[in-house]
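Participant: Before anything else, here's the structure in question.
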């Protein structure tokens with residue numbers, strides 16, 4: 001389900017620019033790596049739990065719940081967070097129907113989990129804590145205030161196009 005109004009506003013036939021993908025991926029994956037490392041410094045058991053959450057989150061909470069609805073992956077062979085889109089495109093069929101409540105909750109749980117779970121351990125080492133937020137904060141701000149304002153996946157709970165235009169196509 002894509003937003004036709006947005007297609008005219010943004011040259012989405014080209015998908016995401018290399019700069020967009022690079023910055024978003026660097027921030028997202030960088031925060032994850034720093035989060036894993038920060039937890040690893042304190043607890044191997046919790047690193048395993050966090051990595052398990054990340055794998056589940058990437059492939060189910062993001063992959064099935066959000067990415068399988070995303071026209072970028074299936075219509076443009078593109079993804080803001082490569083190689084996630086390519087993997088999801090091979091695992092799940094495109095789900096053009098509107099996102100249900102669970103589909104909308106999944107990506108939010110993933111984002112909250114990626115950020116919230118490592119905080120206790122990161123706070124034990126303020127340098128690692130700061131590095132995590134150096135990756136995380138600009139990425140989340142860029143996502144919400146730039147990417148989500150021009151997104152074609154109108155069912156996503158973070159999509160800002162429908163809120164700004166007042167129309168959901």
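Participant: What is the one condition in (1) over 20 Å from residue 16 (Cα atoms); (2) in contact (Cβ under 8 Å) with a residue 12 or more places away in the chain; (3) crowded, with 17+ Cβ neighbours inside 10 Å that residue 47 does not satisfy?
Facilitator: It fails just one condition, (2).
Participant: Moving on. Kindly indicate whether residue 135 is modelled with pLDDT of 90 or more, out of contact with any strand residue (DSSP E or B) (no Cβ under 8 Å at 6 or more places or on another chain) and part of a loop (DSSP other than H, G, I, E, B).
Facilitator: Numbers: modelled with pLDDT of 90 or more: yes; out of contact with any strand residue (DSSP E or B) (no Cβ under 8 Å at 6 or more places or on another chain): yes; part of a loop (DSSP other than H, G, I, E, B): no.
Against the criterion (modelled with pLDDT of 90 or more, out of contact with any strand residue (DSSP E or B) (no Cβ under 8 Å at 6 or more places or on another chain) and part of a loop (DSSP other than H, G, I, E, B)), residue 135 does not qualify.
Participant: Another question, if that's okay. Hey, residue 46 hits all of (1) modelled with pLDDT of 95 or more; (2) within 13 Å of residue 79 (Cα to Cα) but one; which does it fall short on?
Facilitator: (2)
Participant: Sticking with this one: What is the residue count in the range 22-52 for residues that are in contact with a helix residue (DSSP H, G or I) (Cβ under 9 Å, 6 or more places away or on another chain), assigned to a helix (DSSP H, G or I) and within 20 Å of residue 123 (Cα to Cα)?
Facilitator: Here the count works out to 19.
Participant: Answer yes or no: is there a residue in the range 6-20 that is at pLDDT 90 or above, on the phi < 0 side of the Ramachandran plot and either in contact with a strand residue (DSSP E or B) (Cβ under 8 Å, 6 or more places away or on another chain) or surrounded by 13 or more Cβ atoms within 10 Å (Cβ to Cβ) (or both).
Facilitator: Yes: one or more hits.
Participant: If you don't mind, another one. Would you confirm whether any residue within the range 54-66 is under 20 Å from residue 148 (Cα atoms), surrounded by 15 or more Cβ atoms within 10 Å (Cβ to Cβ) and either in contact with a strand residue (DSSP E or B) (Cβ under 8 Å, 6 or more places away or on another chain) or without any contact (Cβ under 8 Å) to a residue 12 or more places away in the chain (or both)?
Facilitator: yes
Participant: Which residues, taken from the range 69-101, are touching a helix residue (DSSP H, G or I) at 6+ places or on another chain (Cβ under 7 Å), within 19 Å of residue 114 (Cβ to Cβ) and either in a helix (DSSP H, G or I) or without any contact (Cβ under 8 Å) to a residue 40 or more places away in the chain (or both)?
Facilitator: 84, 85, 88
Participant: Follow-up. Might you check whether a residue that is at pLDDT below 90, farther than 29 Å from residue 48 by Cβ and crowded, with 16+ Cβ neighbours inside 10 Å occurs anywhere in the range 76-94?
Facilitator: Yes; the residues of the range 76-94 include at least one that is at pLDDT below 90, farther than 29 Å from residue 48 by Cβ and crowded, with 16+ Cβ neighbours inside 10 Å.
Participant: Among what's in the range 95-136 and is surrounded by 16 or more Cβ atoms within 10 Å (Cβ to Cβ) and under 14 Å from residue 153 (Cβ atoms), pick the residue that is farthest from the chain's Cα centre (by Cα).
Facilitator: 95
The values are calculated or read from the model by the stated rules, or taken from the named source; none is laboratory data. Everything numeric here is computed off the predicted structure, so don't read it as measured data. So basically every Cβ, Gly included, is an ideal-geometry build from the backbone, and we count neighbours across all protein chains shown.
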